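Note sheet for the following structure.
The values are calculated or read from the model by the stated rules, or taken from the named source; none is laboratory data. Fair warning: this is a prediction, and the values are worked out from it, not measured in the lab. Virtual Cβ from ideal backbone geometry, glycine too; neighbours counted across all protein chains shown. Surface areas here come from the heavy atoms of the whole protein model, side chains and all, with no ligands, DNA or RNA. Shrake-Rupley method; radii C 1.70, N 1.55, O 1.52, S 1.80 Å.
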Amino acid sequence: MATRVALIGANGHGRWHRRRIAELSGVKLVGLADVQPIDPAPDAPAFSDHRELLETTRPDVVVICTPPHTHLPIALDAIEAGCDLLLEKPPVTSVAAHETLLAALDEAGRSCQVGFQALGSMAWARFRDALSPKTSGLSAVASWKRDDSYYARSPWAGRRVVDGRPVVDGVLVNPLAHAVMQALAAGTAAGAGRPRQLQVERYRVRDIEVEDTAFARITFESGLPLLIAVTLAGEDFIAGEIEARGPDGTAVLEYPTDRLSLPGSGPPNPGSPASGPPGSGMVEVPGRTDLLSDLLRHRAESTPLLAPLAATADFTAVLEALTLPDAPEPHRIKSYVDGPNRTIPGINALLRRAAAELRLPSELGVPWATTPYRRRLPVH
Ligand SMILES: NC(=O)c1ccc[n+]([C@@H]2O[C@H](COP(=O)([O-])OP(=O)(O)OC[C@H]3O[C@@H](n4cnc5c(N)ncnc54)[C@H](O)[C@@H]3O)[C@@H](O)[C@H]2O)c1
């Protein structure tokens with residue numbers, strides 16, 4: 001019998017989920033819910049209230065792809081209705097909400113996969129397996145460009161709080177959330193324990209409430225440092241690179257493209273189009289398990305989930321730290337190049353240098369640098 005799947009939040013990224021559900025065999029889309037008119041037109045019963053959808057269509061699995069500040073109440077309603085969840089990232093916006101959701105899942109015997117899809121790649125599995133307690137430093141670098149239309153896309157774009165609830169659309173925990181999640185998971189895979197200390201400098205070139213550029217140093221229990229350097233005001237595009245330094249060299253994972261370079265391993269097919277530029281050693285490692293398929297398999301065969309809610313605890317602890325009352329507002333950078341995309345001159349070199357030296361702009365003598373915000377991350 002087909003698994004009954006419903007989608008809550010059908011526009012925006014929900015359209016990608018609609019296409020994915022339509023492609024999967026053994027799945028029936030039983031309903032869509034959105035508070036706005038659904039575009040393209042619904043191909044299943046549509047509802048403007050998710051509770052009505054749950055009651056009327058009785059889904060087995062619900063995909064939740066609404067703005068972050070709405071995730072918790074919708075997820076709790078879906079669990080109460082007996083559903084397993086594919087919940088988009090960021091799953092929740094506080095450690096308390098994370099624990100509330102975990103407890104509700106536990107009590108109801110339900111499962112929740114979180115939409116960190118890069119955790120389902122073969123490239124990630126190989127990168128992770130190459131890490132060890134000898135890993136001495138981690139970094140994550142990404143340089144993206146976002147124009148005015150990006151910040152006009154949704155009522156929650158660029159916002160810190162919506163309807164009195166944190167939505168936190170900053171670069172660290174939304175557009176480049178995958179970089180942060182992947183790098184935190186790398187620390188765990190290296191046996192470094194939990195992240196304990198956060199030092200973060202957040203910047204913006206736009207009139208937004210959150211950061212579009214950020215540098216964060218996270219120190220794990222073992223002392224392993226992770227430097228995250230990301231921007232939406234970048235020069236040349238850097239898709240997203242996680243680097244791990246070890247005694248034998250550096251492993252690099254470009255997580256959006258599943259390209260990988262491991263120390264001591266040249267490209268298996270140096271002439272193949274999937275290989276990176278000569279000398280880069282980057283090779284595409286094909287193969288991704290889709291998170292909804294993985295959830296369906298988990299339901300059928302009790303296999304472990306690729307991105308279970310519990311595995312996102314450290315990500316949520318970092319996110320929450322940015323919402324606390326003593327967390328400073330992102331510092332405004334006045335010197336940027338204007339245009340459809342605002343660009344910070346020299347930003348790519350700075351991202352690379354920060355990652356290489358595991359240091360923050362304030363420690364690198366950058367003239368516009370601000371004082372880092374320091375926070376001990378909660379033990380949970
Ligand atoms: N995994 C990824 O790579 C990825 C990519 C993009 C977005 N996302 C995540 O997906 C989620 C949605 O992002 P988006 O960019 O599609 O946002 P969006 O604002 O474009 O779309 C969200 C949709 O949810 C609807 N909605 C809002 N409140 C609702 C409610 N209470 N009930 C039903 N529908 C409601 C809105 O009307 C809208 O159609 C966010 O958590 C975002 O971070 C994940």
* Wholly enclosed helices (runs of 4 or more DSSP H) of the range 51-130 bearing at least 1 residues touching a His at 6+ places or on another chain (Cβ under 7 Å) -> 71-80, 95-108
* To do: Output the number of the condition that Glu52 fails; it satisfies all remaining conditions of (1) more than 13 Å from the ligand (Cβ to nearest atom); (2) over 26 Å from Val318 (Cα atoms); (3) without any contact (Cβ under 8 Å) to a residue 24 or more places away in the chain.
  => (1)
* Asked: Looking at the range 2-12, is at least one residue open to solvent by 30 Å² or more (accessible area, probe 1.4 Å) and near the ligand (Cβ under 7 Å from one of its atoms)?
  -> yes
* To do: Identify the single condition in (1) open to solvent by less than 20 Å² (accessible area, probe 1.4 Å); (2) hydroxyl-bearing (Ser, Thr, Tyr); (3) within 15 Å of the ligand (Cβ to nearest atom) that Ser143 does not satisfy, given that it satisfies every other one.
  => (3)
* Structure fact -> Of the candidates Gly170, Gly137, the one satisfying the condition of being buried (at least 24 other Cβ atoms within 10 Å of the Cβ) and not charged (D, E, K, R) is Gly170
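What are the residues in the range 60-80 that are within 14 Å of the ligand (Cβ to nearest atom), open to solvent by 10 Å² or more (accessible area, probe 1.4 Å) and in contact with a helix residue (DSSP H, G or I) (Cβ under 8 Å, 6 or more places away or on another chain), if any?
The answer is Cys65, Thr66, Leu72, Ile74, Leu76, Asp77.
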* Residues that are aliphatic (A, V, I, L, M), touching a helix residue (DSSP H, G or I) at 6+ places or on another chain (Cβ under 6 Å) and in a strand (DSSP E or B), drawn from the range 131-179 -> Leu138, Ala140, Val141, Ala142, Val162
* **Yes/no for Leu102 being modelled with pLDDT of 95 or more, open to solvent by 30 Å² or more (accessible area, probe 1.4 Å) and either in contact with a Lys or Arg (Cβ under 8 Å, 6 or more places away or on another chain) or away from the ligand (no atom under 11 Å from the Cβ) (or both)** => yes
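If you go through the range 13-51, how many residues are in contact with a Cys (Cβ under 8 Å, 6 or more places away or on another chain) and open to solvent by 30 Å² or more (accessible area, probe 1.4 Å)?
1
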* Asked: Which one of the conditions (1) open to solvent by 20 Å² or more (accessible area, probe 1.4 Å); (2) part of a strand (DSSP E or B) does Gly191 fail to meet, given that it meets all the rest?
  -> (2)
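Condition check ((1) of a type in the set (Lys, Arg); (2) open to solvent by 40 Å² or more (accessible area, probe 1.4 Å); (3) at pLDDT 95 or above) across all residues:
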site	(1), (2), (3)
Leu295	no, no, yes
Glu301	no, yes, yes
Thr312	no, no, yes
Val337	no, yes, no
Glu363	no, yes, yes
Arg376	yes, yes, yes
* So Thr250 clears everything in (1) under 25 Å from Leu260 (Cβ atoms); (2) touching an Asp or Glu at 6+ places or on another chain (Cβ under 9 Å); (3) in contact (Cβ under 8 Å) with a residue 60 or more places away in the chain except one condition, right? Which one? -> (3)
* **the range 81-99: number of residues that are within 19 Å of Asp294 (Cβ to Cβ) and more than 16 Å from the ligand (Cβ to nearest atom)** => 1
* Considering (1) small (Gly, Ala, Ser); (2) touching a residue at least 12 places away in the same chain (Cβ under 8 Å); (3) under 19 Å from Val230 (Cα atoms); (4) not in a helix (DSSP H, G or I), say which one Ala356 fails and leave the rest. => (4)
* Asked: In this structure, does Gly9 turn out to be small (Gly, Ala, Ser), touching a strand residue (DSSP E or B) at 6+ places or on another chain (Cβ under 6 Å) and at pLDDT 95 or above?
  -> no
* Structure fact -> Across the range 362-380, the tally of residues that are under 11 Å from Arg217 (Cβ atoms) and touching a helix residue (DSSP H, G or I) at 6+ places or on another chain (Cβ under 7 Å) stands at 1
